[in-house]
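Asks: First the structure, which I've put down as structure tokens, then a few questions once you've had a look.
FYI, it's all coordinate maths here, none of it is from the lab. Bear in mind the structure is a predicted one, so any value in this text is a computation, not a measurement. When we count neighbours, we look across all protein chains shown, and the Cβ atoms used for this are built from the backbone with ideal geometry, even at glycine.
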Amino acid sequence: MADVIHLQQYKTIYDYYLTNATVTPKLAPMATSYTPNSATDSYWSDISASMASGATLITLANFSVNIDAGNFRVEFDADDISEASQTFTTDKFSIILDTGTPSTSVILCTIDYTEGTVSPVNGTFAITVNAEGFFAFNDN
Amino acid sequence: MATAFGTISSVATTTFNVTGDIDVSKPASLTEGDLMVAVLQIGTANDGVYSATGWSEVDNELGSVSSVTVLAKVATSGDVAASDFTFTPSGTQVGSSDEMSGFIIRFTGNSFTGAENVKASFFQDNAATTTKTFSNGIVPFSTGSVFVLVACNAQSNVGAQSGYAITNNDPTWTERIDYNSSAGSFGVATATPSAVSDTGDSTVVYTASEASTGILMAVQEDTNQTVTHSLLTQSPTFTKPVLSVGTTTTHSLLTQSPTINNPSAKGSAPTQWSNPDKPSTDWLNPDKL
């Protein structure tokens with residue numbers, strides 16, 4: 001007998017919140033000095049001061065929650081990102097659901113870049129989103 | 001083409017009461033599109049930010065010994081044709097005898113925008129010592145950028161300068177300026193970063209025990225960045241309930257006897273019955289008619 005979390009609940013709950021809470025999924029390039037704390041960093045107001053100097057929040061297009069039946073997990077995905085005229089230094093990014101109020105905009109995840117620390121200099125900053133999405137919850 | 005140090009001008013010096021501004025010569029071999037970074041100081045306590053037409057400010061540090069401004073500009077054809085550039089300090093504390101000095105570094109690369117191409121951090125070490133330690137760590141743009149370490153004093157001759165270093169991943173430094181006079185001193189060295197991580201403190205060694213303002217800069221041409229990331233997966237933790245094995249027991253039949261509240265009987269005795277004689281033989285009982 002296997003222990004599993006049934007995946008549809010994640011999709012149902014997130015889809016409901018994304019539809020009804022009037023939130024905008026956004027990505028924040030974070031400063032190299034930022035060390036995430038999953039227990040205490042809850043809302044954008046907790047970490048906004050640690051966004052990379054010179055960076056701004058980037059809206060994620062087509063953010064979606066999808067069940068990957070083959071891998072038995074629910075995945076959080078969006079389109080690739082490409083922002084022109086960016087100047088900052090960063091080694092990780094956070095994704096938030098922006099309500100317009102930092103103290104109610106929940107943080108979903110913080111993820112390192114494979115390339116380590118990068119610095120666009122008045123150039124295009126692009127993130128190629130992993131083929132499976134940003135993050136996922138497994139069923140067990 | 002990666003960003004590279006090009007040339008550096010000689011140090012210009014003057015006092016504020018001469019013209020109220022300072023002319024710094026054009027760095028040699030200036031070419032249209034090059035990035036020029038000017039470092040200017042004035043011996044005004046906590047005042048005196050420089051500006052110049054067409055130049056954008058990277059940052060400034062207003063100190064008790066030196067007030068320093070860093071400006072940047074992408075060279076135009078007009079700049080290439082010029083012989084020098086004029087910078088003007090402003091501030092209510094700027095006085096007639098204040099010493100001014102400055103220089104310009106030229107960088108080459110593929111494409112520059114201006115101040116965005118320069119990352120600078122300042123620190124004042126006002127102690128009268130020879131080993132100057134500046135808490136001005138930065139993270140360079142990349143290993144393709146250029147470090148510039150500047151130590152300056154606008155009021156004193158600090159003697160010969162040497163010992164340029166950063167705490168972490170110290171690269172090989174090349175001294176570009178070792179200027180020391182009573183009109184102001186500059187020590188300037190450049191290097192190629194060997195790591196894209198925090199430099200930690202920087203240090204410069206003076207011959208004389210003097211105060212100093214240290215500037216650590218990283219310069220890089222316009223650069224695009226494309227990054228990737230791995231999928232972050234999270235597995236649930238199942239906290240299973242602990243099953244308690246019970247003890248099998250017997251129990252007796254629970255019986256409950258009713259309590260009956262009997263009604264109390266209440267009745268009256270019938271009246272005494274009598275059987276009188278008929279009044280006559282033809283008497284009829286009227287109750288039976």
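Asks: Which of the lysines could a cross-linker span from A:LYS92 if the Cα-Cα distance has to be under 23 Å and same-chain partners fewer than 8 positions apart are dropped?
Replies: Here the lysines satisfying the reach criterion relative to A:LYS92 are A:LYS26, B:LYS119.
Asks: Can you compute the FRET efficiency between A:ASN71 and B:LEU243 using 1/(1 + (r/R0)^6), with r the Cβ-Cβ distance and R0 = 30 Å? Round to the nearest 0.05.
Replies: Once rounded, the FRET efficiency stands at 0.40.
Asks: Going by how many other Cβ atoms sit within 10 Å of their own, how do A:LEU97, B:LEU243, A:LEU18 line up, fewest first?
Replies: Ordered from fewest to most neighbouring Cβ atoms within 10 Å, A:LEU97, B:LEU243, A:LEU18 come out as B:LEU243, A:LEU18, A:LEU97.
Asks: Calculate the spin-label point distance for A:THR128 paired with B:SER51, positioning each point 7 Å from the Cα along the beta-carbon direction, and give it in nanometres.
Replies: Those two pseudo-labels are separated by 4.5 nm.
Asks: Please say if region B:79-179 is rounded, prolate or oblate, where rounded means a/c under 1.5 for a ≥ b ≥ c the square roots of the C-alpha gyration tensor eigenvalues, and otherwise the choice is prolate for a/b larger than b/c and oblate otherwise?
Replies: Oblate shape, in that a/c is at least 1.5 and b/c is the bigger or equal ratio.
Asks: Going by how many other Cβ atoms sit within 10 Å of their own, how do A:MET51, B:MET100, B:MET1, B:MET217 line up, fewest first?
Replies: In order of increasing Cβ crowding within 10 Å: B:MET1, A:MET51, B:MET217, B:MET100.
Asks: Can you bin region B:125-248 into rounded, prolate or oblate? Criterion: square roots of the alpha carbon gyration tensor eigenvalues sorted a ≥ b ≥ c, rounded for a/c under 1.5, prolate for a/b above b/c, oblate for the rest.
Replies: Prolate is the answer for region B:125-248, as a/c is 1.5 or above and a/b outweighs b/c.
Asks: What does the charge add up to near B:SER135, with Lys and Arg as +1, Asp and Glu as -1, over the other residues with Cβ less than 9 Å from its Cβ? Walk me through the numbers on the way to the answer.
Replies: On the way: positive: none; negative: B:ASP125, B:ASP201.
Local charge sum for B:SER135: -2.
Asks: Would you mind counting up the charge near A:SER64? Only other residues with Cβ under 11 Å from its Cβ, with Lys and Arg at +1 and Asp and Glu at -1.
Replies: -3
Asks: Let me ask another. With r defined as the distance between the Cβ atoms of B:ALA82 and B:SER230 and R0 fixed at 45 Å, what FRET efficiency is calculated, to the nearest 0.05? Could the numbers behind the result be given before it?
Replies: Working: r = 52 Å, r/R0 = 1.15.
So, using R0 = 45 Å, E works out to roughly 0.30.
Asks: So for B:SER121, A:SER103, fewest C-beta neighbours within 10 Å to most, what's the order?
Replies: A:SER103, B:SER121
Asks: Relative to the first principal axis of the alpha-carbon coordinates of chain A, what is the inclination of helix A:8-20, with its axis defined by its Cα atoms, in degrees from 0 to 90 and to the nearest 10?
Replies: Approximately 50 degrees, to the nearest 10.
Asks: Right, here's the next one. Given axes a ≥ b ≥ c from the Cα gyration tensor, I'd like to know whether chain B is rounded (a/c under 1.5), prolate (a/b larger than b/c) or oblate.
Replies: Taking the square roots of the gyration eigenvalues as a ≥ b ≥ c, chain B is prolate.
Asks: Each residue of region B:48-63 in turn: what ³J(HN,Hα) in whole Hz from Karplus with 6.51, -1.76, 1.60 and θ = phi - 60°, glycine and Pro shown as x?
Replies: Residue by residue, region B:48-63 yields x, 8, 8, 8, 7, 4, x, 9, 10, 7, 7, 4, 9, 9, 9, x Hz.
Asks: On a C-alpha basis, how far is the centre of region A:89-140 from the centre of region B:14-70 in Å? Whole number, if you could?
Replies: The two parts, judged by their Cα centres, are 39 Å apart.
Asks: Per residue of A:81-88, how many C-beta atoms from partner chains lie within 10 Å of its own C-beta, taken as a mean?
Replies: Mean partner shielding for this stretch: 3.
Asks: Skipping prolines and chain starts, which residues have an amide H placed within reach, meaning under 5 Å, of the one on B:HIS229, given they are 5 or more residues away or on another chain?
Replies: A:THR114, A:ASN130
Asks: To continue, here is another question. With springs only between Cα atoms under 10 Å apart, run a GNM on chain B and tell me which of B:PRO171, B:PRO27, B:PRO236 wobbles the most.
Replies: Top of the fluctuation ranking is B:PRO236.
Asks: So what's the back-of-envelope 222 nm ellipticity for chain B, counting only DSSP H runs of four-plus at -39500 (n - 2.57) apiece and dividing by all residues, rounded to 500?
Replies: Rounded to the nearest 500, it is -500 deg cm²/dmol.
Asks: Continuing with this model, one more query. Let me check I've understood the local charge: for B:THR14, count other residues with C-beta under 11 angstrom from its C-beta, Lys and Arg +1, Asp and Glu -1. What total comes out? Kindly include the intermediate steps, with their values, before the conclusion.
Replies: Values: positive: none; negative: B:ASP21, B:ASP23, B:ASP98, B:GLU99.
Counting the neighbours of B:THR14, the net charge comes to -4.
Asks: Looking only at other chains, what is the average number of their beta-carbon atoms within 10 angstrom of each beta-carbon in B:217-224?
Replies: 5
Asks: How many angstrom lie between the Cα centre of region B:207-235 and the Cα centre of region B:102-147?
Replies: When both Cα centres are located, 11 Å separates them.
Asks: Taking every residue in B:231-240, how many Cβ atoms of other protein chains lie within 10 Å of its Cβ, on average?
Replies: 6
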